[in-house]
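For reference, the structure discussed in these notes is given below.
The values are calculated or read from the model by the stated rules, or taken from the named source; none is laboratory data. Every value quoted in this text rests on a predicted model; they were computed, and no experiment measured them. Cβ placement follows ideal geometry from the backbone for every residue including glycine, while neighbour counts extend to all protein chains displayed.
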Amino acid sequence: MGFDAELHVASRYLIGTRRWTPVVTVTLISLLGLGLGVFALVVTLSLLDGFQSGIRSQIEAQAAHAEVRPATGRRIDEPDVLVSLLQGELGEVEIVQVVRGTCLVSSDSDAVPASVVGRSDTLGVTADRIVSRRLGVGAGDRLELISARQRLTPMGPLPVRIRAEITRIAAPAPGTESGTVAIPIERAQRLLWGEPVIGAIELRDVHDPWTLGQRVEHVLASHGSTARVAGLEELHRPLLTALALEKVMIFVAVGLMLVVAALNLLCNLAMVAAEKRKDLAVMAGLGFTPRSLRRLFLVLGLTIGLVGSVVGAVVGSGLAVVLDRTQALELPRGVFMVTAVPFSVDPATVGLVVATALGLAGVAAWLPARMVARREPSEGLRYE
């Protein structure tokens, strides 16, 4: 018997169209469960993708795209030679010499430890919002930076300190928790080292930031330099790894809804097989083979899975797009890097969710299908 005929007869015998039966109710519940599971996963993962996209954009906009570090020790040998080499080989790439350290940053009312960064492209003094919030200072206020380095005075050794007026408040760099104060590199060298030391060379390429580290490493290696190079992935590996792990854990946690929906579908198809035992026996007598009956239940399960997952994916993706464009879910200003909850619909992620739902639906349909295919026709008539 042909496949079309099998589906036609199956739809009449197993589903029915004349009256509302418990089987139809459970079928709709299974479809709704799969749809809700896919909907929840799509919306949740779109939210995570939106935050990840925003964080990656912040990294590209604010942080260095690659960094040259000393092979050993804390200072780069002949930094001017490396800068000239990189400028000649890489073309239009921003290059900044940097020195870093940790100091005690104090205001008139309080003091906190913070990172101090001296940059060759910085003229004023920039404090991030973490330092500003902890010390209660803003643009125009004065800070005192106290180093762990000491200098000899007639009164004995005293820590080196400088006073500076804040010229602006900036957003903190992604992944920063302790707060940062950026000052001109000459002042940082006097504060931290007492001599013109360069601790790192930062590079930025707005055209291709994520491969800049590999290109810098190739240039230095081809000229025999032993300096180490860190690209964007390495510079922000803890943050990016945490985001990726968070997405996996959310997928597993919310994906349990799909597992429950698949178990519900399994029970639904088992109920169909039990309630329609006599009809299945009649169908076997009309020429349906065990393989046809097994295929029938697989098609029924996959159809429920396909309809539920597609509807859930479409509704979830549509809601995520609307929420992202309207910025309906606002966030407190000054607390997060964005002013509204971002959503980003990734077709690959949506496809993975739909494929997962279909796979679970197929597994759920296989067990009842196998049970029906093994049942003898006489067994179905015996219990009627």
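Filter segment 186-221 down to the residues that are exposed (fewer than 15 other Cβ atoms within 10 Å of the Cβ) and in a loop (DSSP other than H, G, I, E, B) and list them by number.
G194, E195, P196, V206, H207, D208
Restricting attention to segment 100-113, report how many residues are surrounded by 14 or more Cβ atoms within 10 Å (Cβ to Cβ) and not in a strand (DSSP E or B). If you could, list the steps in order and put the result at the bottom.
Quick first cut of segment 100-113, residues surrounded by 14 or more Cβ atoms within 10 Å (Cβ to Cβ) only: 100-101, 103-107, 111-112.
Within this subset, residues satisfying the condition of being not in a strand (DSSP E or B) are 107.
Within segment 100-113, residues that are surrounded by 14 or more Cβ atoms within 10 Å (Cβ to Cβ) and not in a strand (DSSP E or B) number 1.
Specify which of the listed residues (Q58, Q97, Q87) is among the polar types (S, T, N, Q) and more than 28 Å from E195 (Cα to Cα).
Being among the polar types (S, T, N, Q) and more than 28 Å from E195 (Cα to Cα) holds for just one of Q58, Q97, Q87, which is Q58.
Here are some conditions: (1) more than 28 Å from the chain's Cα centre (by Cα); (2) assigned to a helix (DSSP H, G or I); (3) surrounded by 14 or more Cβ atoms within 10 Å (Cβ to Cβ); (4) modelled with pLDDT of 85 or more. V116 meets all but one. Which one does it not meet?
(2)
Out of segment 140-162, which residues are exposed (fewer than 11 other Cβ atoms within 10 Å of the Cβ) and under 41 Å from the mean Cα position of the chain (by Cα)?
We begin by selecting, within segment 140-162, every residue exposed (fewer than 11 other Cβ atoms within 10 Å of the Cβ); these are 140, 152-157.
Matches in segment 140-162: G140 only.
Just wondering, is there one or more residues in segment 331-347 that are surrounded by fewer than 21 Cβ atoms within 10 Å (Cβ to Cβ), modelled with pLDDT of 70 or more, among the charged types (D, E, K, R) and assigned to a helix (DSSP H, G or I)? I'd like the intermediate steps shown before the answer.
Of segment 331-347, the ones surrounded by fewer than 21 Cβ atoms within 10 Å (Cβ to Cβ) are 331-341, 344-347.
Okay, now just the ones that are also modelled with pLDDT of 70 or more, so 340-341, 344-347.
Within this subset, residues satisfying the condition of being among the charged types (D, E, K, R) are 346.
Subset that is assigned to a helix (DSSP H, G or I): none.
No, because not a single residue in segment 331-347 is surrounded by fewer than 21 Cβ atoms within 10 Å (Cβ to Cβ), modelled with pLDDT of 70 or more, among the charged types (D, E, K, R) and assigned to a helix (DSSP H, G or I).
Yes or no: E234 without any contact (Cβ under 8 Å) to a residue 24 or more places away in the chain and assigned to a helix (DSSP H, G or I)?
Numbers: without any contact (Cβ under 8 Å) to a residue 24 or more places away in the chain: yes; assigned to a helix (DSSP H, G or I): yes.
The answer is yes for E234.
What's the number of the condition V137 fails, among (1) part of a strand (DSSP E or B); (2) crowded, with 16+ Cβ neighbours inside 10 Å; (3) touching a Leu at 6+ places or on another chain (Cβ under 9 Å)?
Only one criterion in (1) part of a strand (DSSP E or B); (2) crowded, with 16+ Cβ neighbours inside 10 Å; (3) touching a Leu at 6+ places or on another chain (Cβ under 9 Å) is unmet by V137, namely (1).
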